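Working notes, beginning with the structure itself.
Where a number appears in this text, it was derived from the coordinates with a stated rule and is not lab data. Not measured: the values here are computed from a predicted model. Neighbour counts run over all protein chains shown; Cβ positions are idealised from the backbone, glycine included.
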Amino acid sequence: MDTDDTAPPARLLVAGVGNIFLADDAFGPEVLRALQDRPLPPEVRVRDFGIRGLDLAYELLTGYDTAVLVDAAPRGHRPGTLSLIEAEPPADAACAPPEAHGMDPARVLALAAHLGDGPLPRVLVLACEPETVPRGDEDIMPGLSTPVREAVEHAVTALHTMVPVLLADPAATPPLRRPDESAPPHTAALPRLAAEAAQDR
């Protein structure tokens, strides 16, 4: 789904994040698959990073204005609920060793900051509340739960609403299709941690 050589330079990255073998963690890759039938404008690069945190960190250094990561993130909502989160590096990013593996958005930002000298893009996370995410000691569980599967098309619609707003103004915070499912910016620096959900209420 990368752009070709005749397309204008990409200003916005939409990145799918997640493990396709771990139930609802496959939300990001499934949304990007659905975008093949409803492509975004040519100024947008759409790419599935899976669990390749290092690749995503390097990609964030290539001159985008904005990046939208599409991911499953437990935040204490109903399964299938979409939230818009502004990701920031962790507070201890300067002293903590960067992680080359894993896909926590804040840690990926910290790694990108460690790898490059240039400015990083603004990073938003279009997050879906999972119903089923296996623990580390559980077997592979491919396939989305019903509410998360139903949220895939809602996420595609949300991206088609958000992207024109972000292309016009990278500093804007566009609402989701249902405004009650949007979180204010800067409410969760680590959107994968369920403990942060209490700060949003």
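Within the shell of other residues whose beta carbon sits under 14 angstrom from the beta carbon of residue 167, the net charge comes to 0, with Lys and Arg scored +1 and Asp and Glu -1.
Any chance you could run the full-extension gain for residue 78 through residue 65? It's 0.36 nm times the residue separation minus the Cα-Cα distance, nm to one decimal. Let's see the in-between values first.
Details: separation 13, 0.36 × 13 = 4.68 nm, distance 3.15 nm.
Answer, rounded to one decimal: 1.5 nm.
Where does the charge balance sit around residue 11 when Lys and Arg score +1, Asp and Glu -1, over other residues with C-beta under 13 Å from its C-beta? Around residue 11, the charge tally is -1.
Multiplying the residue separation of residue 115 and residue 58 by 0.36 nm and subtracting their alpha-carbon distance yields 19.8 nm.
A Förster distance of 30 Å, applied to the separation of the beta-carbon atoms of residue 146 and residue 36, puts the FRET efficiency at 0.85.
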